[in-house]
Amino acid sequence: MSAAIWVVVPAAGRGARFGAPLPKQYLQAGGQILLAHTLDALLAHPAVAGAMVVIGQDDADWPGWGEWAGKPVLTCIGGATRAASVLAGLQALPDTVRADEFVLVHDAARPNLSLADLGRLLEVGRADPVGAILAAPVRDTLKRAGDDGGIDGTEPRERLWRALTPQLFRRHQLSRALSEAAAAGVEVTDEAMAMERQGQRPLLVEGSEDNFKVTTPADLDRFEFVLSRRAG
(Lines give C-alpha, C1' and ligand atoms only; values in the text may rest on other atoms or scores of the structure.)
Protein backbone atom coordinates (compact mmCIF):
# COMPACT_ATOMS: atom_id res chain seq x y z
CA MET A 1 0.00 0.00 0.00
CA SER A 2 1.49 3.30 -1.09
CA ALA A 3 1.92 5.92 1.61
CA ALA A 4 2.00 8.83 -0.85
CA ILE A 5 -1.42 10.39 -1.26
CA TRP A 6 -1.98 13.64 -3.11
CA VAL A 7 -5.03 15.81 -2.57
CA VAL A 8 -6.81 17.91 -5.18
CA VAL A 9 -8.35 21.07 -3.72
CA PRO A 10 -10.79 22.79 -6.12
CA ALA A 11 -10.57 26.51 -5.34
CA ALA A 12 -11.63 28.10 -8.62
CA GLY A 13 -15.10 29.12 -7.48
CA ARG A 14 -16.07 32.72 -6.85
CA GLY A 15 -18.33 32.01 -3.85
CA ALA A 16 -21.18 34.12 -5.20
CA ARG A 17 -23.67 32.75 -2.67
CA PHE A 18 -21.54 34.04 0.20
CA GLY A 19 -21.85 37.63 -1.02
CA ALA A 20 -18.34 38.74 -0.04
CA PRO A 21 -15.97 40.75 -2.26
CA LEU A 22 -13.43 37.92 -2.02
CA PRO A 23 -13.95 34.24 -2.90
CA LYS A 24 -14.76 32.52 0.39
CA GLN A 25 -11.57 30.43 0.39
CA TYR A 26 -9.63 33.69 0.81
CA LEU A 27 -11.68 35.10 3.68
CA GLN A 28 -9.87 35.58 6.99
CA ALA A 29 -10.53 33.43 10.05
CA GLY A 30 -8.28 33.33 13.09
CA GLY A 31 -5.51 35.32 11.45
CA GLN A 32 -5.22 33.36 8.21
CA ILE A 33 -7.33 32.62 5.16
CA LEU A 34 -9.72 29.65 5.07
CA LEU A 35 -7.61 27.87 2.47
CA ALA A 36 -4.65 27.94 4.85
CA HIS A 37 -6.71 26.20 7.54
CA THR A 38 -7.83 23.64 4.95
CA LEU A 39 -4.24 22.90 3.93
CA ASP A 40 -3.27 22.66 7.60
CA ALA A 41 -5.89 19.96 8.11
CA LEU A 42 -5.01 17.97 5.00
CA LEU A 43 -1.23 18.11 5.09
CA ALA A 44 -1.05 17.30 8.81
CA HIS A 45 -1.60 13.64 7.96
CA PRO A 46 1.70 11.85 7.32
CA ALA A 47 0.23 9.88 4.39
CA VAL A 48 -0.63 13.06 2.45
CA ALA A 49 2.35 13.93 0.25
CA GLY A 50 1.20 17.19 -1.34
CA ALA A 51 -1.67 19.30 -2.62
CA MET A 52 -2.80 20.40 -6.07
CA VAL A 53 -4.82 23.60 -5.61
CA VAL A 54 -7.04 24.36 -8.60
CA ILE A 55 -7.48 28.12 -8.99
CA GLY A 56 -9.39 30.38 -11.36
CA GLN A 57 -7.94 31.80 -14.57
CA ASP A 58 -7.80 35.36 -13.24
CA ASP A 59 -7.22 34.62 -9.57
CA ALA A 60 -5.43 37.65 -8.15
CA ASP A 61 -5.83 36.49 -4.54
CA TRP A 62 -3.82 33.26 -4.62
CA PRO A 63 -0.91 33.81 -2.19
CA GLY A 64 1.58 31.98 -4.39
CA TRP A 65 2.52 29.24 -1.94
CA GLY A 66 4.87 26.57 -3.24
CA GLU A 67 4.80 24.48 -0.09
CA TRP A 68 2.86 24.12 3.14
CA ALA A 69 3.90 22.26 6.28
CA GLY A 70 7.05 21.22 4.44
CA LYS A 71 5.08 19.55 1.63
CA PRO A 72 4.70 20.67 -2.00
CA VAL A 73 1.72 22.78 -3.04
CA LEU A 74 1.17 22.99 -6.79
CA THR A 75 -1.47 24.90 -8.74
CA CYS A 76 -3.31 24.57 -12.02
CA ILE A 77 -6.15 26.45 -13.71
CA GLY A 78 -9.66 25.11 -13.19
CA GLY A 79 -12.79 25.03 -15.29
CA ALA A 80 -16.28 26.48 -15.24
CA THR A 81 -17.64 23.83 -12.85
CA ARG A 82 -16.37 22.00 -9.80
CA ALA A 83 -16.18 18.76 -11.78
CA ALA A 84 -14.13 20.42 -14.53
CA SER A 85 -11.78 21.86 -11.93
CA VAL A 86 -11.30 18.51 -10.20
CA LEU A 87 -10.59 16.88 -13.56
CA ALA A 88 -8.03 19.58 -14.35
CA GLY A 89 -6.40 18.98 -10.98
CA LEU A 90 -6.22 15.23 -11.54
CA GLN A 91 -4.65 15.72 -14.95
CA ALA A 92 -2.08 18.18 -13.56
CA LEU A 93 -0.84 15.91 -10.76
CA PRO A 94 2.86 14.97 -10.92
CA ASP A 95 3.81 11.99 -13.06
CA THR A 96 4.91 10.21 -9.89
CA VAL A 97 1.21 9.79 -9.01
CA ARG A 98 0.34 6.59 -10.86
CA ALA A 99 -3.00 6.04 -12.60
CA ASP A 100 -4.02 3.36 -10.09
CA GLU A 101 -3.08 5.34 -6.98
CA PHE A 102 -5.69 6.82 -4.70
CA VAL A 103 -6.17 10.60 -4.68
CA LEU A 104 -8.16 12.72 -2.24
CA VAL A 105 -10.48 15.54 -3.30
CA HIS A 106 -11.41 18.11 -0.65
CA ASP A 107 -13.38 21.37 -0.67
CA ALA A 108 -11.23 24.49 -0.28
CA ALA A 109 -13.81 26.05 2.06
CA ARG A 110 -14.15 23.03 4.35
CA PRO A 111 -11.45 24.01 6.87
CA ASN A 112 -12.48 22.03 9.95
CA LEU A 113 -11.55 18.49 8.88
CA SER A 114 -10.24 16.41 11.78
CA LEU A 115 -7.09 14.32 11.54
CA ALA A 116 -9.00 11.33 12.93
CA ASP A 117 -11.66 11.51 10.20
CA LEU A 118 -9.02 11.83 7.49
CA GLY A 119 -7.12 8.87 8.90
CA ARG A 120 -10.25 6.72 9.05
CA LEU A 121 -11.16 7.59 5.46
CA LEU A 122 -7.69 6.63 4.24
CA GLU A 123 -7.70 3.38 6.21
CA VAL A 124 -11.13 2.26 5.01
CA GLY A 125 -11.02 3.71 1.50
CA ARG A 126 -7.63 2.35 0.47
CA ALA A 127 -8.73 -1.15 1.48
CA ASP A 128 -11.64 -0.98 -1.00
CA PRO A 129 -11.26 -1.45 -4.76
CA VAL A 130 -13.39 1.64 -5.49
CA GLY A 131 -12.77 4.10 -2.65
CA ALA A 132 -14.81 5.96 -0.07
CA ILE A 133 -16.16 9.30 1.03
CA LEU A 134 -16.68 10.98 4.37
CA ALA A 135 -20.38 11.38 5.06
CA ALA A 136 -22.82 12.02 7.89
CA PRO A 137 -26.16 10.28 8.47
CA VAL A 138 -29.21 12.52 8.03
CA ARG A 139 -30.62 13.10 11.50
CA ASP A 140 -33.34 15.68 10.79
CA THR A 141 -36.88 14.84 9.71
CA LEU A 142 -37.20 15.43 5.97
CA LYS A 143 -40.30 16.99 4.39
CA ARG A 144 -41.29 16.93 0.73
CA ALA A 145 -42.66 20.29 -0.38
CA GLY A 146 -45.47 20.92 -2.81
CA ASP A 147 -45.54 23.68 -5.42
CA ASP A 148 -47.59 25.87 -3.09
CA GLY A 149 -45.07 25.61 -0.25
CA GLY A 150 -47.18 23.15 1.73
CA ILE A 151 -45.93 19.78 2.98
CA ASP A 152 -46.74 16.90 0.66
CA GLY A 153 -45.21 14.24 2.87
CA THR A 154 -42.44 13.06 5.17
CA GLU A 155 -39.50 11.22 3.65
CA PRO A 156 -37.83 8.24 5.32
CA ARG A 157 -34.31 9.11 6.41
CA GLU A 158 -32.97 5.75 7.60
CA ARG A 159 -30.64 5.22 4.61
CA LEU A 160 -29.86 8.84 3.77
CA TRP A 161 -26.43 10.40 4.27
CA ARG A 162 -25.00 13.85 3.61
CA ALA A 163 -21.90 13.70 1.43
CA LEU A 164 -18.84 15.45 2.85
CA THR A 165 -15.25 15.68 1.69
CA PRO A 166 -12.56 14.45 1.39
CA GLN A 167 -13.55 11.81 -1.14
CA LEU A 168 -11.01 9.14 -2.08
CA PHE A 169 -10.75 7.44 -5.48
CA ARG A 170 -8.12 6.10 -7.86
CA ARG A 171 -6.72 8.77 -10.17
CA HIS A 172 -7.57 7.12 -13.48
CA GLN A 173 -10.99 5.81 -12.44
CA LEU A 174 -12.10 9.22 -11.19
CA SER A 175 -10.67 11.03 -14.23
CA ARG A 176 -12.59 8.69 -16.56
CA ALA A 177 -15.80 9.04 -14.55
CA LEU A 178 -15.64 12.85 -14.60
CA SER A 179 -14.77 12.93 -18.32
CA GLU A 180 -17.65 10.63 -19.25
CA ALA A 181 -20.13 12.59 -17.14
CA ALA A 182 -19.07 15.80 -18.88
CA ALA A 183 -19.35 14.17 -22.30
CA ALA A 184 -22.90 13.07 -21.42
CA GLY A 185 -23.84 16.59 -20.32
CA VAL A 186 -24.33 15.50 -16.71
CA GLU A 187 -23.24 18.01 -14.07
CA VAL A 188 -22.08 15.92 -11.13
CA THR A 189 -22.13 17.65 -7.76
CA ASP A 190 -19.47 15.50 -6.14
CA GLU A 191 -16.90 12.90 -7.15
CA ALA A 192 -18.92 9.99 -5.79
CA MET A 193 -21.80 10.87 -8.13
CA ALA A 194 -19.45 10.52 -11.10
CA MET A 195 -18.29 7.13 -9.82
CA GLU A 196 -21.89 6.02 -9.24
CA ARG A 197 -22.64 6.71 -12.92
CA GLN A 198 -19.95 4.10 -13.69
CA GLY A 199 -21.84 1.52 -11.68
CA GLN A 200 -19.43 1.78 -8.76
CA ARG A 201 -20.46 1.76 -5.08
CA PRO A 202 -18.06 3.82 -2.95
CA LEU A 203 -18.08 3.21 0.78
CA LEU A 204 -19.59 5.66 3.25
CA VAL A 205 -17.25 6.49 6.14
CA GLU A 206 -18.99 8.36 8.94
CA GLY A 207 -17.35 11.69 9.65
CA SER A 208 -17.89 14.47 12.15
CA GLU A 209 -20.71 16.99 11.75
CA ASP A 210 -18.02 19.60 12.49
CA ASN A 211 -16.56 19.04 9.03
CA PHE A 212 -18.81 21.74 7.61
CA LYS A 213 -18.43 23.81 4.45
CA VAL A 214 -18.31 27.59 4.73
CA THR A 215 -21.05 28.80 2.39
CA THR A 216 -22.65 31.66 4.36
CA PRO A 217 -21.47 34.37 6.78
CA ALA A 218 -23.02 32.33 9.60
CA ASP A 219 -20.74 29.41 8.68
CA LEU A 220 -17.72 31.70 8.86
CA ASP A 221 -18.85 32.90 12.30
CA ARG A 222 -19.19 29.26 13.38
CA PHE A 223 -15.64 28.50 12.28
CA GLU A 224 -14.33 31.59 14.08
CA PHE A 225 -16.03 30.27 17.21
CA VAL A 226 -14.42 26.86 16.72
CA LEU A 227 -11.02 28.51 16.41
CA SER A 228 -11.54 30.62 19.51
CA ARG A 229 -12.44 27.55 21.55
CA ARG A 230 -9.47 25.65 20.16
CA ALA A 231 -7.14 28.48 21.11
CA GLY A 232 -8.69 28.71 24.56
Check: Dipole of the chain, Cα-centred, from +1 at each Lys and Arg C-beta and -1 at each Asp and Glu C-beta, to the nearest 20 debye?
Finding: 240
Note to self: Cut-off under 26 Å on the C-alpha distance; same-chain residues fewer than 8 positions from Lys71 excluded. Which lysines are left, in chain and number order?
What the structure shows: Lys24, Lys213
Note to self: If each DSSP helix of 4+ residues adds -39,500 (n - 2.57) and the sum is divided by the residues in the chain, what number results at 222 nm, nearest 500 deg cm²/dmol?
What the structure shows: -9000 deg cm²/dmol
Item checked: Other-chain or far-sequence residues with amide H under 5 Å of Val8's (modelled H) -> Met52, Leu104, Val105, His106
Next item on the list: Just order 116-122, 140-146, 70-76, 83-89 by mean Cβ neighbour count inside 10 Å, highest at the front, would you?
Entry: 83-89, 116-122, 70-76, 140-146
Check: For the chain, what proportion of DSSP beta bridges, expressed in % and rounded to the nearest 5, is antiparallel?
Finding: 50
Note to self: Considering only protein heavy atoms and a probe of 1.4 Å, how much of the accessible area of the stretch 26-140 is carbon and sulfur, as a whole percent?
What the structure shows: 53
Note to self: Given the stretch 60-162, report the % of alpha carbon pairs whose separation exceeds 21 Å.
What the structure shows: 58
Check: For the chain, modelled as a Gaussian network with Cα springs under 10 Å, which listed residue fluctuates most, Ile33, Ile133, Ile55?
Finding: Ile33
Check: Taking the Cα-to-Cβ direction at Glu206 and at Glu123 and moving 7 Å from each Cα, how far apart do the two end points lie in nm?
Finding: 1.5
Next item on the list: Compute the length gained on full extension between Glu158 and Glu224: take 0.36 nm times their separation in residues and subtract their Cα-Cα distance, giving the result in nm to one decimal.
Entry: 20.5 nm
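The values are calculated or read from the model by the stated rules, or taken from the named source; none is laboratory data. Every value quoted in this text rests on a predicted model; they were computed, and no experiment measured them. FYI the Cβ positions are ideal-geometry reconstructions off the backbone, even for glycines, and counts take in every protein chain you see. These area figures cover heavy atoms from the full protein model, side chains too; ligands, DNA and RNA do not enter into them. Shrake-Rupley method; radii C 1.70, N 1.55, O 1.52, S 1.80 Å.
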